[in-house]
Amino acid sequence: MATSLTVAVIGAGLAGLTAARELQRESHQVVVFEKSHRLGGTWAYDPRVESDLLGVDPTRDIVHGSLYHSMRTNLPRELMSFTDFKFSEKVYQDPRKFPSHDEVLKFLEDFACSFELNKLIRFNTMVTKVEVLDSGITQFVVESNIYGVHSVEVFDAVVVCNGHNSEPQLATDIPGLETWPKKQMHSHNYRVPEPFLDQIVVIIGSGPSATDLSREIATVAKEVHMSSRSPLVNNRPKLVKADNLWQHSTINYISTDGTIIFQDGVYVEADVILHCTGYKYHVPFLKTNGMVNVQDKRIGPLYQHVFPPRLAPRLSFVGIPEKGFTFLTMELQSRWIAHVLSGKILLPSEDEMSSDVKHYYQEMKENGLLEYQTHSLAKKPQYLDWMYAQLGMVIEKQIKDIIEYFTHCYIMAGFDGYMDAFLQKYGI
């Protein structure tokens, strides 16, 4: 007989909605805590920006969302679908294969409505503490605030789904950066290009946000200079589609007069530095007495990026991996968690899970991967294969073919090149 537990889900974004749906299907009693007034998490566009544009002041009023107004998905609809609820079969206002964030939010709202998830969500409710209640790790205390009213509740399990695109990660190893006299900001607080009109902008980073924002800002700026540690930059110093956009190696140093000098010898007198340097994992409410550690870009130890061995299966995380097939990954993780909690799937022992994590860390080290790449699924489609096997599921052939092509393009050409190749084959 399956076990039914009371489960707290932290967050009503993509991860939280997916977790709630799967837990509900397994007859668990679910409460979803959402600090915003609406669902959608990072997919709910918020035009506000923070008073501290770098996001380092702990007393600032935090804006959760990091979407910019023009953002489109960099995965096609087929790879932003659930196995039984297809984005590719739905069009709301934007029919493109790579639609806008508004279209994704409508899809998530449709998903929540179709599976009656809204009744599980407590909006405007901030979780302030999640802590193990007993030495047997069978219950957790969850403390929360709604409109200033403090609440303390006990749950059998907690699933953390609070996202990882809200706490800015900054470039900090550039000599002279701290004394830079002009404007700095993180892409978390970028919404539209107009504030950069006629300015000289230096963008640190070479990922999806840096690529998108550099091209958009170049439409209004005087000059845009991208700085990247990628070894590929020497092969493409002048980026296509813009006469005022350049790619450089890393910044060597910033002089006392504010001049920025790149390692390739070029220097510019910029007006603003924009950090497109990603985000830290941030779980300030979680208290585990050191059983789970959060260090910038690594949460650990986590067995298969989901279960902390010492707290499994009662504590779990959905949506920690980066650079993977987000929707499908979160659905499979959520279903795995729900089935483990109901007793349909058994986890390995604590020692076996800990050993697996240690082996993974050692393998990373041997392959020259750094700690910040712990949860990156780039070029690792085998993670999905492993998840499917755990659940006894078989991936659809169409989805498998697209994933294989996507992965091939990414391996051969990196982020910049894969989009061009992918668009040529599958359209916009």
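The values are calculated or read from the model by the stated rules, or taken from the named source; none is laboratory data. Being a predicted model, the structure only gives us computed values, none of them experimental. Virtual Cβ from ideal backbone geometry, glycine too; neighbours counted across all protein chains shown.
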- Task: Name the strands (runs of 3 or more DSSP E) wholly inside the stretch 245-287 in which the number of residues that are touching a helix residue (DSSP H, G or I) at 6+ places or on another chain (Cβ under 9 Å) is 1 or more.
- Result: 245-248, 251-254, 272-275
- Item | Any hit, the stretch 41-50, residues being of a type in the set (A, V, I, L, M, F, W, C), without any contact (Cβ under 8 Å) to a residue 24 or more places away in the chain and not assigned by TED's automatic domain parsing to the domain that holds residue 213 | no
- Task: Please specify each residue of the stretch 288-305 satisfying the condition of being closer than 20 Å to residue 362 by Cβ and in a strand (DSSP E or B).
- Result: 293, 295, 298, 299, 300, 303
- Task: Could you please find all residues in the stretch 188-229 being of a type in the set (Val, Ile, Thr), part of a loop (DSSP other than H, G, I, E, B) and farther than 17 Å from residue 49 by Cβ?
- Result: 219, 220
- Specify which of the listed residues (84, 134, 156) is more than 19 Å from the chain's Cα centre (by Cα), within 30 Å of residue 287 (Cβ to Cβ) and surrounded by fewer than 14 Cβ atoms within 10 Å (Cβ to Cβ). 134
- Single condition residue 52 does not satisfy, out of (1) under 18 Å from the mean Cα position of the chain (by Cα); (2) modelled with pLDDT of 90 or more; (3) assigned to a loop (DSSP other than H, G, I, E, B): (1)
- Could you tell me whether the stretch 394-405 includes any residue that is touching a helix residue (DSSP H, G or I) at 6+ places or on another chain (Cβ under 8 Å) and not in a helix (DSSP H, G or I)? yes
- Item | Candidate set from the stretch 105-127 (those that are in a helix (DSSP H, G or I) and either of a type in the set (A, V, I, L, M, F, W, C) or in contact with a Cys (Cβ under 8 Å, 6 or more places away or on another chain) (or both)); member that is nearest to residue 84 (Cα to Cα) | 111
- Being part of a helix (DSSP H, G or I) and either touching a residue at least 24 places away in the same chain (Cβ under 8 Å) or in contact with an Asp or Glu (Cβ under 7 Å, 6 or more places away or on another chain) (or both) is the filter here, so list the residues in the stretch 362-387 that pass it. 371, 372, 373, 383, 384, 386, 387
- Might you let me know whether the stretch 8-27 holds any residue that is free of Cβ contacts under 8 Å to residues at least 40 places away in the same chain and not in a helix (DSSP H, G or I)? no
